[in-house]
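Reading through the structure tokens given below for one structure.
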Amino acid sequence: MQKLTKKVSEPFPFHSKITDWPVAERPREKLMHLGAASLSDAELLAILIQTGVGKATAVDLAKTVLREYRSLDRLSARSFRDLRQFKGLGNAKSTLLIAAFELGRRAASRGDSTKLRISSPEDVVKQYQPLMRDLQQEIFKVLLLDSANHLRGDETISLGILNSALVHPREVFRRAILEPAASIILLHNHPSGNPEPSSEDIQVTRQLCEAGKIMGIPVHDHIIIAQDSYASFAERGLL
């Protein structure tokens, strides 16, 4: 069966190759002389894409991809498979784009996270929502806190739908014991966009809270992140 790919729009007249453009209009040269802020979204993407396809330039290809997803936010959430459907985006270019977006999310979210003091669920959401709100599968993390509630780090425990088989107390508390952490916060996302806890979420949380009491490492909260909202077990009295 022939693979279906999205077509790339034709380039602008007389600009069939970026190397034929005036130097001041070429994305790479603009970035070097004027800084990254002077470039459009399409021009920045074109630098990552590097080359076009057929008669279309890298800028044309970038504009086609942006037009398909309508915003950088939507584009940044796309999977490798989504990007590969565009003619001209092979394995190397698709993985490069995904890696660049992930680095941007991490840089925006983390800052100097080792000095962050967690005093409310909003502190956690501000730190992790940019990283997790667009993910297309559930990720369960444990956040490690010291005795003053400073964030010492985090660890991803499982990928996929949350259940007691995937999230075992041994795995959740292993890093907390080694760190050592004084307490932990549980964190996962709902790709559906609905942050309401499921019955499985509540069951897993209760099991981990009981394990934390036994080991002397209390669970301060379990926070579920969605696209533009969140749910805190502590705020709802579910711990």
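The values are calculated or read from the model by the stated rules, or taken from the named source; none is laboratory data. Because the structure is a prediction, the values reported are computed rather than measured. Every residue, glycine as well, gets a Cβ built from its backbone with ideal geometry; the counts of neighbours run over all protein chains shown.
When the residues of the stretch 207-239 are filtered to those that are in a helix (DSSP H, G or I) and free of Cβ contacts under 8 Å to residues at least 12 places away in the same chain, which remaining residue is nearest to Ala77 (Cα to Cα)?
So, considering only residues that are in a helix (DSSP H, G or I) and free of Cβ contacts under 8 Å to residues at least 12 places away in the same chain, the one nearest to Ala77 (Cα to Cα) is Glu210.
Tell me the residue from Leu75, Leu83, Leu89 that is in a loop (DSSP other than H, G, I, E, B), in contact with a helix residue (DSSP H, G or I) (Cβ under 6 Å, 6 or more places away or on another chain) and of a type in the set (A, V, I, L, M), please.
Residue meeting the stated conditions: Leu89.
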Return the residues of the stretch 31-59 that are at pLDDT below 90 and part of a helix (DSSP H, G or I); say none if nothing qualifies. His33, Leu34, Ala36, Ala37, Ser38
State whether the residues of the stretch 105-113 include one that is closer than 30 Å to Ala148 by Cα and in contact with a strand residue (DSSP E or B) (Cβ under 7 Å, 6 or more places away or on another chain). yes
Keeping to the stretch 214-239, report how many residues are hydroxyl-bearing (Ser, Thr, Tyr) and surrounded by fewer than 18 Cβ atoms within 10 Å (Cβ to Cβ). 1
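Each row is one residue, and each column tells you yes or no for (1) touching a Pro at 6+ places or on another chain (Cβ under 9 Å); (2) among the basic types (Lys, Arg); (3) modelled with pLDDT of 95 or more.
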residue: Leu162; (1), (2), (3): no, no, no
residue: Val167; (1), (2), (3): no, no, no
residue: Ala176; (1), (2), (3): no, no, no
residue: Leu187; (1), (2), (3): no, no, yes
residue: Pro191; (1), (2), (3): no, no, no
residue: Glu200; (1), (2), (3): no, no, no
residue: Gly212; (1), (2), (3): yes, no, yes
residue: Ile217; (1), (2), (3): yes, no, yes
With β-branched (Val, Ile, Thr), in a strand (DSSP E or B) and crowded, with 17+ Cβ neighbours inside 10 Å as the only criterion, which of Val172, Val167, Val142 stands out? Val142
With respect to the numbered conditions (1) in the same structural domain as Ile157 (by TED's automatic domain parsing); (2) over 24 Å from the mean Cα position of the chain (by Cα); (3) on the phi > 0 side of the Ramachandran plot, which one is the sole condition not fulfilled by Gly237? (1)
Specify the residue that is nearest to Asp228 (Cα to Cα); the eligible residues are those in the stretch 105-129 that are under 16 Å from the mean Cα position of the chain (by Cα) and modelled with pLDDT of 85 or more. Gln129
